[in-house]
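J.: Here you go, one structure.
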Amino acid sequence: MVHALSDDPSAVAIQWRTLGGLAGRDDNPPDITIFADGSITVGPRLGRGETVKGQITAERLQQLMSFAIDDNHFFSFDSAAVEKAVNAEVKNRRSLARSKNAIMARVGPPYIDAGTTVILIAADDKRHEVSYHGLFAAAQDFPEIEELRQLRMIELKLLDLAEEIVDAAGH
């Protein structure tokens, strides 16, 4: 499926940033911004201390949109529903541990020193932003929650693209 992007080439199509945690403050520049024309800016956190510019084709941008929106259902991600599922799973695990007279090792949330992943996608006349604290750990701790796995897959795809852009720029 082709996803409609803004006619403005400088409009943000996809943006990923990390707030707080060991990444620094809550006003960090975005880790990666992909614009409607395929131009990319990788922030200093992933750019090895520098802001790095790059470009992808329109076809590659569409593949990225399809991966996020169609394959991993980004526009359907509901933080409140995911939080409810996480809380239910923690309660279930705690109950199971008690029934076996065992002690449950505490998993998050909260995840101490973890950042908050924020991903924004603008396409098809929609603009959806998702925030999730400690996504890397939550996706590992709760593999049965598909939405966490899907959001983490998007984050990893963006990380891979950022690394590719930085390497291509010779940084």
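The values are calculated or read from the model by the stated rules, or taken from the named source; none is laboratory data. Source: prediction; values computed, not measured. Positions of Cβ are generated from backbone atoms using ideal geometry, with glycine treated the same way; all protein chains shown enter the neighbour counts. Ligands, DNA and RNA are stripped out before the accessible areas are found, and what is left, the full protein with its side chains, is counted by its heavy atoms. Shrake-Rupley method; radii C 1.70, N 1.55, O 1.52, S 1.80 Å.
J.: Be a star and scan region 32-61 for residues whose amide nitrogen sits under 16 Å from the point 7 Å along the Cα-to-Cβ vector of Asp124.
T.: Of the residues in region 32-61, none has backbone N under 16 Å from the label point off Asp124.
J.: Given the protein chains as shown and a 1.4 Å probe, how many square angstrom of Lys91 are accessible, to the nearest 10?
T.: Accessible surface of Lys91 is approximately 140 Å².
J.: So, one more: With a 1.4 Å probe and all protein chains kept in place, how much accessible area does Glu89 have, in Å² rounded to the nearest 10?
T.: Probe radius 1.4 Å; accessible area of Glu89 about 40 Å².
J.: Right, something else. Quick check: Cα centre of region 119-171 to Cα centre of region 54-105, how many Å?
T.: 11 Å
J.: For region 1-94, rounded, prolate or oblate, judged on the Cα gyration tensor with a ≥ b ≥ c (square roots of eigenvalues), a/c < 1.5 rounded, else prolate if a/b > b/c?
T.: Numbers: a/c = 2.88, a/b = 1.36, b/c = 2.12.
It comes out oblate by the Cα gyration axes.
J.: Could you size up the charge dipole of the chain around its Cα centre, putting +1 on the beta carbon of Lys and Arg and -1 on that of Asp and Glu, and report it in debye to the nearest 20?
T.: Numbers: 18 positive and 26 negative charges, 208 e Å.
Once rounded to the nearest 20, the dipole reads 1000 debye.
J.: Also, I was wondering about something else. Quick check: residue separation of Arg149 and Ser10 times 0.36 nm, minus the Cα distance between them. What number comes out in nm?
T.: Values: separation 139, 0.36 × 139 = 50.04 nm, distance 3.02 nm.
Once the chain is fully extended between Arg149 and Ser10, it gains 47.0 nm.
J.: Here is a follow-up. How far, in nm, would the chain grow between Glu164 and Lys100 when pulled straight, counting 0.36 nm per residue and subtracting the alpha carbon separation? Spell out each step's value before the answer.
T.: Numbers: separation 64, 0.36 × 64 = 23.04 nm, distance 4.82 nm.
Taking Glu164 through Lys100 to full extension adds about 18.2 nm, to one decimal.
J.: Further question: How much solvent-accessible surface does Ser39 expose, in Å² to the nearest 10, with a 1.4 Å probe and all protein chains in place?
T.: Counting only protein heavy atoms, Ser39 exposes about 30 Å² to solvent.
J.: Quote to one decimal, in nm, the extra length available between Ile112 and Phe67 on full extension: 0.36 nm per residue of separation minus the C-alpha distance between them.
T.: Using 0.36 nm per residue and subtracting the Cα-Cα distance, I get 13.2 nm.
J.: How big, in percent, is the set of alpha carbon pairs in the chain lying more than 26 Å apart? Don't skip to the answer; put the middle values down first.
T.: Values: 4921 of 14535 pairs.
That fraction is 34 percent.
J.: Helix 146-168 versus the longest principal axis of the chain: what is the Cα-based angle in degrees, 0 to 90, to the nearest 10?
T.: Roughly 40 degrees, rounded to the nearest 10.
J.: Please name whichever of Leu46, Ala81, Ser6 sits farthest to the positive end of the charge dipole of the chain, dipole taken about the Cα centre and charges placed at Cβ: Lys and Arg +1, Asp and Glu -1.
T.: Checking the options against the dipole of the chain, the answer is Ala81.
J.: Over region 1-151, with every protein chain in place, what whole percent of the accessible area is carbon and sulfur at 1.4 Å, could you tell me?
T.: Values: 4310 of 8310 Å².
C and S fraction of accessible area: 52 percent.
J.: Additional query: Where nothing but the Cβ of Lys and Arg (+1) and of Asp and Glu (-1) is charged, how large is the charge dipole of region 1-98 around its Cα centre, in debye to the nearest 20?
T.: Values: 11 positive and 13 negative charges, 155 e Å.
Dipole magnitude for region 1-98 comes out near 740 debye.
J.: Please calculate how many Å² of accessible area region 18-171 carries per residue, with a 1.4 Å probe and no DNA, RNA or ligand atoms counted.
T.: Numbers: 8340 Å² over 154 residues.
That works out to 54 Å² for each residue.
J.: Taking only DSSP H segments of four or more residues, each worth -39500 (n - 2.57), what value at 222 nm results for the chain once the sum is divided by all its residues, to the nearest 500 deg cm²/dmol?
T.: On the way: 4 runs with 59 residues, N = 171.
Helix-only estimate at 222 nm: -11500 deg cm²/dmol.
J.: For Lys91, give me every one of the lysines with a C-alpha distance below 18 angstrom, ignoring sequence neighbours fewer than eight places off in its own chain.
T.: Lys100
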